[in-house]
Every structure is written in C-alpha cells, then in structure tokens.
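Take a look at the structure set out below.
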Amino acid sequence: MYGLRYLIERVYGLKGYLMLLHFFWSIGWSGTLAAGGLYEINLADTTVSREIRIISSSTNSLAEQNAFIQSSLTAEDPSLVFAGYSAVGDATPEPVENNAWLAVEAGTIFGVEVEELDFLVGNGTGFDVKSIEAVSKGVVVIPDALSTSLSARSHDYKSDSFGLISTSGSVTNYSFSVIPGQQRDSISVIDEGNENYSVVSSGTSALLSAAFEKSGTSTDPDRSEFTVLNQRAGNNVKVINQTYIASVVPEVSDSLIDFGMEGTYFVSSSEGHDSNDGLSPDRPKKTIAAAVALMPEAGEKVSLKAGDIFEETLNVPLSGSVGSPVVYGAYGIGEKPVISGASDITGWESYKGSIYRAKVGTDVGQVFVDSEPLEISRYPREGYLTISSVQTTTEITSNEINTGIDYAGSKLLFKPNSWSLMTVDVLSSSGGDLTTTAPTSYAYKQNWGFFMLNNASFMTYPGCWYYNSSDGYLYVWLSDSSSPSKRKVAVSVRNTLELGTRKAITIENLNLNASAGHGIDSSPNGGGYITIKNCEINYSCKGGIFLNSQNDYSEIVNNQITNSKWDGIRTIYCDNLDISYNRIENSGLLYSLSTTGTRGQQSGNGISASYSTPGTSHIHHNYVEKAGYCGMVVNGLIEYNVTRNVCLTIDDGGGIYSQANGSIIRYNIIENAFGTTEGEAGAGTTLANGIYFDDNMDRGLAENNFIVRCVQDGIVFHNTTNCMMKNNYVVQCYHGLKCDSDGKNGNSAIGNTVVELNTYLTDYNTYGSLVNIRNRSTVSEWDANTYYTPYNTKPFVSASLDPIYSEFPTWRSNSGLDANSEIYEISKGEEEIYYNETPEIKTVILTGTYYNLKGEQISNVILSPYTGVVVVKAK
C-alpha cells in the first residue's frame, strides 16, 4: 500500500492525493493506519461506525478538498480555521490563534517539527502541532487512470490461498454499490465455479475492491476472515464479517448494535445543538448537561446517540419511582455512547531530556497516550522499600530511600498487614525521615514495606508521568521518548456518572471510560432500586461501580468492568441485590495504581458486597479475572461464578470470601489463588485461599465448588461455627480442607474430593496436607470424603492430636473422623484438568488412554454446569 500511495503522489502530487479524500469524508469515512501496511477505514453514517480495509477512487476538486479539510477541523474543534497549505522553506506567517495550516511534507515548518499531513495551529505566540485523523491517516485513494492496475482477480481456496466467497445462504452473486462523487458503480462478487470467486466492476469510475486477510489454512480454517462492503441507500453502511469453512457457504454476521429509537430526550455530541428542544432524534441536545437540565422524571428516558463521545459528567438530577424509573441509555445503531472522564492535553513544551510538560491546571487521576494508560512515576520502580523505624503515627524513617530527594507531595502506600495497602500523602522529608498525613484504620509497622508515587524525581525511566499540583503542570516521558505533541494525550479529570442519593434509576447501554472517581457513584447513600445493565466501565480511578448504603433492591447485570484502581463492583449496607452476568477484569492491580491510591484495607476485589442483611442477595454467573485482593467478598447466595488469579496485590484473602452468617457458596469455579508477600516483614508463605469463611461466621455452606491451585487452603473455616463443606472438588492446594478455629464448634466436611497431583506448587511432602484441623473439638462431623495423593507422607494434620502429622489409618483412629472416607494413590501419568464454565452439560471426548483418579479406564467425561474433574493420561 505504501508503494501505491508513493506512485499516486509521484503522478498526481500530494495535493492531488489530498483532493481524493473528500469523497470519503462525504460518506462518513475516516481511517487509521493498520498493521502490515493496510489501511483500516471507519465506515459511518449518522448511526453507525464500523471498520473495513478497502481501496477506492474519488473526485479531484480543489474546492471540495478544501471544504473537506475545513469540515475535518470543525468536527475536531469548531474554532479552528483552515488557513492553507505549508511546506519546508515557507515563510512563517503570523501565528493567528486557531488558524491552521496543513503540512504537505514532513520536516521543520514554521520552526516546528511536523509529520506529513499534520496541522500547525496558531496560538498567538507560536504554533502547536495537531493531527486530525480523517486527514492525517485517511485512506489510500486511486485515481481513475490507475484503476486498471486493480482489475478483478480470482483466488482459489483449495490452493490454500485467500479470496472472496459468497456472502449469505446459497446466494452466489452478491452486488453492492458505492457512490464516487455523483456517479454510481456496481461491484459484484461472482461465483466462477470450482470454489473460485471474482470481483467485477461496471460503470465509469474506478474499481472498489474488497480487502481481506487470511491467517488460517484449509485444515485449520477458523482464523480465515475477510470483509466486504455494502453501501446501501444513502449512507447506510453494513459490514459483513465472514469465516471460511471448507465446502460450506459462511453466514453473514452483522456486529452492529441497534439500540432502537426510544427516548424522551435525545442527546448527540456529533449532531446536536443545545438550542434544540431535544425531543426527537432529529433535534437532539448536544450536551448531557442540557438534557438533564430538562429534569427527566419517572418514566422518562434520556437517550445518548450511539457512537458519540461525551466529555462531561452525567449528574442524575431527579429520582424515578418504583416500577417507573428514569432511564439513561442509548439510541441509534453503533457502539455504546461513551461518557469520558478524560480531556485531551495540548501545548506541550520540552522540559528536560525526553521529558515534556503541559499546563493542565486540575488534579490528574491517570494519563493515556493514544488511548493506552501511562504508568505514574514510582519509587522504587518495582517492589517495596522498608520502614526502618516508626517515630509517631505520622513519622517514619527508612534507611533505603535516596536522601537527596524532596518527597513532599508524593503519595505513599504502605502495608500494615497482609490484607491492606494504605494510602497517605507525604507532607515533608529530611534525609531518610518522612512526615505524612495520618493513616486510617491501621498504623505503620517497623520492617514492613512501602513505595511512593508521583514525584518529579521518580521520573528516571521512560513510560511514566508526574503531575505537580503546585504549578498545574503535567510531566510525561513517553515509552519511545518521543514528543507528546504528535500523540493523543488525555488525562482523567472528572467523574463520569453521579447517582447521588437518587432512587429508581436505570443506567443501560453506556460506556463509562476514564473516570477520575468511580465509574458509577452513589454517594453518600442511595435511594435503592438502581439498575445498571449492559454497560462497559473501563479505567476508573476508583471503583467501577460503587453503591453506598440503602441502595436496596438494586440490580447490576451484564456489565463489563475492567481496569478499576479499587474494586470492580462494590456495595455496602445494601440488601436484596442481584449481581449477575458481569465480567470483571484487572481490579486493584499493584502497578496500575495512581494518585487515588487504594481505598485501604481489603481493596481490589472483583466484587465486594458487604455489610448487608445475611441471605438477602443473589450473586451469580459472574466472571472475575485478576483481582488485587479477593475475587468476591460476598454475602447471600453465591453460585455459578468463576474467579481466576486473585490476591495479586495483597494477601490473606481468596477466590470467594465471606463473613456473613448463612451464606451459601455453591457451583463456583475458583482457580489460581497465588497470593503475594511483597512488602511484608519476614515474608513467608502466602495466604491465598479458594473459599474463605472468616471470623465469627455461623451456618455458612460451601457446596459443589471446583477449586484449583491455591497456594494456601482450598477451603478454610477460620473461627467459624456450624459451617459445612459439602461435595466440593479441591485440586492442588497447599491444604485441601482446613478448619482453623478456636473456641468454636459444629463445623463439618461431608462428601468432598481432595486431590494432590504429582505436579505441585510447594513442598507438600514436608508441610502440606489434604486435611488440616487445628483443634479437633471445633469439628462435629467429617466423613464420606475421598482423598487422592501421590504421596505416602502423613497428609493429615491436627495440632491438637498426637502425632500432629499422620497417615490416613492413624488419622482416622486418633481423630475419630473420616470413618467412611477413602484414600487413593494417584496413578503415574499426565494429569489433566477439565472445566465446564457454561450453564449447559458438557461432554469431553478423550483421545488416547485415560483413567479416572481411581484407576478406571475412561473414554469421556460428562461435566455438569460449573464443575470440573481431573483425569490421568497414560504415559
């Protein structure tokens, strides 16, 4: 493609090349450069924005080209005025504010380094560099004179090459049209026979060729994808994605979302105006603020246009009523409308070396470069420093810090225990002495760890930033050490959605991105009956969703929540909740933290639903991946969930954690509770568990859960009463089943399967166990369990028995437990673990010689929903 563009420019010149861009703007196309030298084109009408790779032709009117450039500028910033073209060697004009000159080549123009097709925008004293995507990246366009070089071609799938195939059902001839200028060309995909297909063009203008790429093969076809374009009446664009399956005509898949046209008030940042009444899609308001000023009330809906971006906060002004909520959602066809907490930053100047700065003037929560997060400056860059001594509640000394740095203004995060990471501000420093604000909840501890964020002196490596609240400047050092003036830099400066104390509100089909606080926040308390569904919430500086007390009878359903600094979902003192079908990833991870720090103890959960009336909430069918603390901290009925990779920032938690009486935890899959001891004094074994019932819990039930790879306990009861483990399947955990209670009683374990594999995480021979009961008197019943182990080395432990470590016969005799339980030695072979994370029964066909854990040969396994099994493949 680069060679093609080069040829075009050599024949027609760069301005001729630019002239051809107008056509794409007129039908709503803008582009971005793709990997591999292709160009990705966004296809859009008033309701849709999709992506395709194409080649096409256009008109070459200079007036149309200039109009296109001006409209591109206006769409980006209505104050910008197109002032003409510029090249290396041109005289520098007066830098009239907001006048924009388009650079026709790369180099130094008007004293500023620019890339080809950048704009030089006057600021009154000089020139800022600005890139307009529709112009700078655009499309590859082909003049009519070159169209013959792109004549229709035929490709044979059977030869393991790539090509076009029919588009739907049994249809083999599929026609579509495109409007180049005012002329219409017909483009057809024709079945040539023998699985050969060709593209045919008719009309007077140049050929439009669908583009495609293939990564699969004829024997592994599922990764072969291609795209065709259908330009229907007007500018209604349809994108069809297809996958090749040998000898089968692929189905058409239309990925666009149709949100409908319902609403009381309509808002469009791209097409609206606040002088409109906002009562129809044809006359939308431009800003959310203007729409909510109309005071939407019970039964009304505020609809945001699909595909639009709103750089403002949605402050909900009025409550709805039970059964008749106020709804905030989307209309039209396209992606979910975005409410962004981020604003673009311009006006960059060189500061020192590869560090640049720009005036922001308001607190910065996080920084994005081309939509990717930049890490906040950190000291040390990795790991923790050590508190050498503690003088007062606000004064500490560290012998490990650089004594030549002024740490005032930094954020300091420290570990006072395994399950907390506290955040304070550094007020002053002298040598190794630090004075901070007073910690909440827990105090400093000698020999425990800390680190600091956000200081100019911490900017010793590329890929970091620092905000100076004293002078309002943001400092960045990009990963490639380039100037940020040629990149899109945005910072989180505002919250995205504030519920306040409102009642009966529905939030649906919105994308809430880069909030400076919570993605959705209900503070200081709520009115209840809140519904949040089908939303995407990403990069919140605090939590993804936070419902404070009194938000009873609320639903959080089918949302995707990623990259929250605190918790993905958090509710406190809320009863009768339904939290279901949510996907939550990357909550409270250590190296994603920013100026908001953490919320303190037990921060960084996928889902935290705490301090509610026991047994009133239902938490089900959620998926949690990568949590700084627990996958879930919950109360009520917890079932059909999956948690993976937890306790990555702090420790002494688990996949699912509860202290609430009467909680039922069943049919969940929990995998990889690895834990961390970083920053802990005398760091030893991590304390990450599968299911964790904690202090003073009564009548809890853990039943039919599948738990795999926990560095501490598969299931642990810690100071609980009358709690039961029943029919759980626990695999490869340091302690399989554990009761760690003093002065409590009535706990039991019935019908569980505990498996230790030949491949293990730690030294089970010396320390680990299938069962660990600290005090025998705390257990009332422990029977009908099945144990599998490759070891014969005392896998049963009780500190209250003699001997403490025992093999199964001795254990059964001394404890009086496990009278009807069985133990098996696992056959040597390759252990394989199979899961079923779906609501349907799943059958796995085993190829080769396989055995179950009792040594019986099997050919398949049948898995009920949200269960798993271990099988052994013969060597």
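What follows draws every value from the coordinates through simple rules; no lab data is involved. Note that the structure is predicted; figures quoted are calculated from it, not measured. With ideal geometry, Cβ positions are generated from the backbone for all residues, glycine too; neighbour counts draw on all protein chains shown.
Observations
- Three-way shape label, region 403-516, alpha-carbon gyration tensor, a/c 1.5: oblate
- Amide H contacts under 5 Å for residue 782, placed H, 5+ residues apart: 749, 818
- Taking 0.36 nm per residue of separation and subtracting the Cα-Cα distance, full extension of the segment from residue 480 to residue 346 would add 46.4 nm.
- Note on residue 578 and residue 261: the model spin-label points, each 7 Å out from Cα along the C-beta direction, lie 3.1 nm apart.
- Over the C-alpha atoms of region 557-825, the Rg to Rh ratio, Rh being the Kirkwood estimate, stands at 0.97.
- Projecting the Cα positions of 868, 858, 835 onto the charge dipole of region 830-873 (unit charges on Cβ atoms of Lys, Arg, Asp and Glu, taken about the Cα centre) puts 858 furthest along the positive direction.
- Sorting 697-705, 374-382 by average packing, meaning the other beta carbons within 10 Å per residue, from highest down gives 697-705, 374-382.
- Overall, the anisotropy analysis places region 710-867 in the prolate class: the square-rooted eigenvalues a ≥ b ≥ c of its C-alpha gyration tensor yield a/c not less than 1.5, with a/b exceeding b/c.
- One Cα centroid belongs to region 683-712, the other to region 402-416; the line between them spans 35 Å.
- Positive-pole candidate from 572, 788, 754, dipole of region 557-825, charges at beta carbon: 572
- Net charge dipole size for region 300-347 [Lys, Arg +1 and Asp, Glu -1 on Cβ; Debye, nearest 20]: 220 debye
- For region 557-825, size of Cβ-based charge dipole, Lys and Arg +1, Asp and Glu -1, in debye: 380 debye
- Interchain or long-range residues, amide H under 5 Å from residue 537's placed H: 512, 560, 561, 562
- Nearby lysines by direct alpha-carbon distance to residue 301 (threshold 18 angstrom, same-chain neighbours under 8 apart not counted): 285, 286, 336, 503, 533
- In a simple Cβ point-charge model (Lys, Arg +1; Asp, Glu -1; nothing else charged), region 804-875 has a dipole of about 140 debye relative to its Cα centre.
- In sequence order, calculated HN-Hα J values of region 269-277 (Karplus, 6.51, -1.76, 1.60; Hz; x Gly/Pro): 6, 8, 10, x, 8, 5, 7, 5, 7
- Estimated FRET transfer efficiency when R0 is 30 angstrom, pair residue 832-residue 523 (beta carbons, to 0.05): 0.05
- Rounded, prolate or oblate (a/c below 1.5 giving rounded, otherwise prolate when a/b exceeds b/c) for region 830-873 by Cα gyration tensor: prolate
- Selected from 479, 398, 455, residue furthest toward positive end of dipole (region 398-481; charges at beta carbon): 398
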